[in-house]
Amino acid sequence: MHVATTEPIPTPHPLSDRSPLTVALLGAGGHGRSHLRVIADLSTAREGRPALVELVAVADPAPPATITETLSADRVYASAADLFAAHSPDITIICTPINTHLELAELAFAHGSHVFLEKPTTPSLATFERLLAAAERSGLACQVGFQSLGSHALTRVRELVTSGELGTVRGIGAVGTWTRDEVYWARARWAGRRTLDGVPVVDGVVTNPLAHAVATALAVDGSTLAGDVTEVTTDLYRGNRIEADDTSSVRIRTRTGTVIALGLTLCAPVQTAPRIVVHGSAASATLFYTTDTVQIRRGAEVTTEQHGRTGLLANLVDHIRDGAALLCPVQGTGAFMRVLDAVRAAPDPAEISPEHLTTVLPGAAGHPAEPAAPAPPATTVAPPVSPHIVVADVEHWCEQVAEHLETFTTLGAPWTVPSPEGPHRKLATARVAGVEVARLVDGSGSRPSDSPRPHLHPVRTLAGVTVTDARPADHTWHAGAGIGVQDVDGNNLWGGRTYVRDHGYLWRDDHGSIRHDRTLTQDAEHVTDALTWLAHDGSALLTERRTTRWWQLDEAAWALETSSTLTAAAERDVVLGSPGSNGRPGGGYGGFFWRVAPCSQIDVWSPDRVGEDAVHGSLAPWVAWQATATPSGDGGDGGDAGDAGVGGGAPFTLVFAAGDAPTAADPWVVRAASYPGVGSAIAWERQTVLAPGAPQTRTVRVAVADGRLSRPRVEHLGAALAWNEVPRLR
């Protein structure tokens, strides 16, 4: 949780010198006043504790009038350069606009000063990396002002997680419902801006007012370094007339596989104490990080604990003098910076439609002069002095984000603006005998870690029974019927964890995607699309020409064909691999794959084999799947719940056939006991190499039928759809 520097920072004070360390403050107005209060406290000798610091200078172009109560006028400077020309402080506190942090920190390091840097650290990942390099070159300490990371309550929650007392952690949620009025957004030129004078500022709810929620949730997971974050999904909105976000949800996946979801707003009716919720199988723990309170819930029993905290300036003093571990060293904000940078790079926040907004005046009904007290109480906040915007039911939706670990948009918050076609763009609709039997979508609504790619979902029988599933809870990267490969020159275009030889499945930041470029031809019975397979860095790996066809077989069945031709995008070999080719026995999945809808009473067979274990990994002209559909509880990701179709308790039959010679040489992948799915393996035990100018084609045909067809009928369909010169079975 707390990341310490590996070596004590060299200090100008030998251990025998216990005189106060000198401190300079850059930025004395606004939040700088809180630093003045902390400095005043640490400057006062108390029983059992000597004075730790001494304020020697302040730099501020417009210092508050009260600063003269602390310092004489000759120690107040208009700029940092003027201050450093006259002083060499041991510690420099930087409490200035975020876009000035790097420059001022570099200036302080150049004058031999340790740095206490107010959060957020810097306005981009690039400037953060420059700051890291400057700190390392200087050999001086840099502590960042995420005060919650000094909370002993955070340490307690982290212990509950690591000890297993909460059971298996299914995720971490965060709720932040604050109020900010018009005066707040007018406080400075940079307030509520994404950029200022062409420079990133990123002053939104996620990255500044409620940045502590992000940093604290990451610390609870033990994920504080930049490399600890593998995925960030942003969902940014604004109710105020600002550039930045004021009502947002963020979904993070860390290297440990933990999902962290935060629902944050500055448009709540009243301000409440922000909290981090750890969802465990045995118990849950809630950390109120502004009050250092922990609530542990075991069933109906709730235990409340009150803890203290260590101030970060005092901790920095201890670090300089005695080598104590820093509670929030600059490198320990790397994970937070990955989130900030994702917000910076995201599209501009969507404007919330006026019908979901209310403007509340100070003291008006529904807007008490003092905020309502949560349980436990929040820290005292000043009542609004000017009108402020309230988003309808925003507290409820922030709670839903933290509970379900999804974004506002995924959960369907009313102010979100989903596509009329659902989360993906629809490419084509297949109709047979006047019935919509399949929908082809581009996959653009999938998470990055699910390797977005075009797929068919929902696919239905002629009677309306849904026979595909998408984004199931056990494997959210399974997407209806489509094509994906887990290892394409080291890039995961299947989704989920990557199988690494001698290490097993690992969450890695290696996910690519398959992009729909254009539709080449389309009519009532087929569609042909041009696709590009993209690496994690966005470079082109493969080009694909994919044709999808559909036609009626009889009154109870229709056929679907997917034919894919892959070509290396550059003048070099492209290698396709799988967990099987990378060392996992029986794990050769990759290529065409059909995630079957939830079902029971499953029977699987091929012409000479029966059962999952026997058919899995075998060669056969066709494979039959019969089962009874069971309700899934939702409609997958193909659209709203109505897209789930019918079929709870309805039997269906699928017959998968190899449609050409290369596909007939690929083993079948069959899963029934762990989850329902059938695929054709393009790299079962050995890699498949695509040489430049040598495209490869795979064709799979599927019969989709209502009811449990007779064995003779299944054999007839299989023979009709399979390549007519398939080799004998092994």
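Overview of values
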{"item": "Among 211-223, 490-502, the order from most to least packed when residues are scored by Cβ within 10 Å on average", "result": "211-223, 490-502"}
{"item": "Efficiency of FRET from Cβ geometry, LEU361 and ASP603, R₀ 51 Å, rounded to 0.05", "result": "0.15"}
{"item": "Percent of Cα pairs exceeding the 53 Å cut-off, where the set is the chain", "result": "21 percent"}
{"item": "Length added when fully stretched, ALA324-ALA40, from 0.36 nm per residue minus Cα-Cα", "result": "100.0 nm"}
{"item": "Karplus-derived HN-Hα couplings along the range 530-543 (A = 6.51, B = -1.76, C = 1.60, θ = phi - 60°), whole Hz, x at Gly and Pro", "result": "9, 10, 10, 8, 10, 6, 4, 8, x, 6, 7, 9, 9, 10"}
{"item": "Cα long-axis angle, helix 101-110 against the chain (0 to 90 degrees, to the nearest 10)", "result": "50 degrees"}
{"item": "Chain lengthening between THR565 and GLU136 when straightened (0.36 nm per residue, less Cα-Cα)", "result": "149.4 nm"}
{"item": "Pairwise Cα inverse-distance average, inverted: Kirkwood Rh of the range 21-148 (Å)", "result": "14.8 Å"}
{"item": "Inter-site label distance for ALA473 and ASP502 at 7 Å from Cα along Cβ, in nm", "result": "3.8 nm"}
{"item": "Peptide ranges 109-119, 81-91, 303-313 listed from the most packed, as the mean C-beta count within 10 angstrom indicates", "result": "109-119, 81-91, 303-313"}
{"item": "Highest to lowest packing among 315-321, 613-619, scored as the average C-beta count within 10 Å", "result": "315-321, 613-619"}
{"item": "The range 264-308 versus the range 542-589: alpha-carbon centroid distance in Å", "result": "47 Å"}
{"item": "Nearest-ten-degree value, helix 152-163 long axis tilted from longest Cα axis of the chain", "result": "30 degrees"}
{"item": "Exposure proxy ranking, count of Cβ atoms within 10 Å, fewest first, for VAL76, VAL199", "result": "VAL199, VAL76"}
{"item": "For the range 21-148, share of DSSP beta bridges that run antiparallel, in % to the nearest 5", "result": "5 percent"}
{"item": "The chain: angle of helix 211-220 to the longest principal axis, Cα-based, in degrees nearest 10", "result": "70 degrees"}
{"item": "Contour minus Cα-Cα distance for ARG241 and ASP537 (0.36 nm per residue)", "result": "103.1 nm"}
{"item": "Cβ-Cβ FRET estimate between VAL689 and GLU612, R0 fixed at 35 Å, reported to 0.05", "result": "0.70"}
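Every number in this text was worked out from the coordinates using simple rules, so none of it is lab data. Treat the numbers as computed from the prediction; the structure is a model and nothing was measured. Ideal geometry is used to build each Cβ from the backbone, glycine not excepted, and the neighbour counts take in all protein chains shown.
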